[in-house]
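Please treat every number below as a calculation from the coordinates, not as lab data. These numbers come from a predicted model, not from an experiment. Cβ: placed from backbone, ideal geometry, glycine included. Neighbour counts: every protein chain shown.
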Amino acid sequence: MQSHRILGHPNPRRYRTIWISDVHLGTRACQADLLLDFLRHHDADTIYLVGDIVDGQELAKSWYWPQSHNDIVQKILRKVRKGTSVIYIPGNHDDGFRHFIDLQFGGVVVRDEAIHRTADGRSLWVVHGDAFDGAVKFSRLLAAVGSWAYDVAISLNVLINRIGERFGASPWSLASAIKRRSRRVLAYIEAFEHAVVAETRRRNLDGVVCGHIHTVALKSVDGVLYCNDGDWVENCTALVEHDDGHIAQVRWQKAPQPAAAPAHLGAPAPVSAREALPTGALS
């Protein structure tokens with residue numbers, strides 16, 4: 001089922017649940033305009049913010065907080081005032097919020113983790129995922145080099161996409177391209193997925209929703225539903241639950257525009273879980 005943006009349409013599309021993570025507010029790589037457009041055109045009974053929403057690590061190095069980042073915070077708080085339940089599960093980049101577990105800020109509840117029950121009765125563990133870094137065995141040197149290379153790729157992405165935008169090009173992710181071609185990165189992602197799934201099974205739960213690795217996924221791993229909602233730096237993705245419990249991916253992209261038309265955002269490219277998996281895998 002696809003979601004289409006209708007220009008000037010006053011009513012956003014409503015879901016039972018939305019999961020968003022790895023926004024990295026406070027960095028130049030954050031695609032805040034696209035996320036704000038997504039939030040304007042989507043509502044939910046419950047929204048999970050699954051970690052790394054604010055990048056406290058980068059803000060501690062140098063302050064960067066444009067109006068668009070403030071607008072996202074205000075938009076989320078406005079949804080709370082209108083009745084949406086918002087649960088904030090901190091990650092490693094916003095781990096300062098872990099000092100405030102079970103407290104509320106503007107109606108946003110901070111949790112270390114959560115158990116979400118879908119409309120069709122499945123129990124999903126909601127957690128950022130950084131706790132599994134130690135379970136994925138890679139050398140410290142490789143991890144440090146990989147982290148530095150990723151940061152460089154993200155910085156280059158900001159420059160590349162600014163130039164491309166002037167020529168009407170669609171956003172492109174250098175970091176994602178590198179990840180798709182690196183065997184070590186792919187091995188890390190696979191090891192991360194299996195570590196998260198093993199703990200989910202140990203807890204006797206049906207599935208898990210996480211973030212952290214900036215790699216969107218919706219699939220069955222060893223008989224457990226593994227959902228990763230991606231990020232708003234490289235992929236601009238979210239996970240959504242329909243009223244019947246069906247879970248799907250949504251990728252929010254800039255719409256191509258005629259040269260004379262005013263620019264606007266919001267061309268979604270959702271991927272259905274039932275299209276990605278064998279029939280009945282998520283039922």
**OP:** Name the long-range amide H neighbours of A119: under 5 Å, sequence gap of 5 or more, or other chain; modelled H, no Pro or chain starts.
**Re:** G245
**OP:** Work out from phi, with θ = phi - 60° and the Karplus expression 6.51 cos²θ - 1.76 cosθ + 1.60, the ³J(HN,Hα) of each residue of region 42-51, listed in order in whole Hz, and give x for Gly and Pro.
**Re:** 9, 10, 7, 5, 9, 10, 9, 9, 9, x
Original post:
How far, in nm, would the chain grow between K61 and R184 when pulled straight, counting 0.36 nm per residue and subtracting the alpha carbon separation?
Top reply: 41.4 nm
Original post:
aspartates and glutamates within cross-link reach of K79: Cα-Cα under 17 Å, excluding same-chain residues under 8 positions apart?
Top reply: D37, D43, D45, D71
**OP:** Determine the shape class of region 92-131: with a ≥ b ≥ c the square roots of the Cα gyration tensor eigenvalues, call it rounded for a/c under 1.5, and otherwise prolate if a/b is greater than b/c, oblate otherwise.
**Re:** oblate
Original post:
What spacing in nm lies between the two simple spin-label points modelled at L103 and K75, each 7 Å away from Cα in the Cβ direction?
Top reply: 2.7
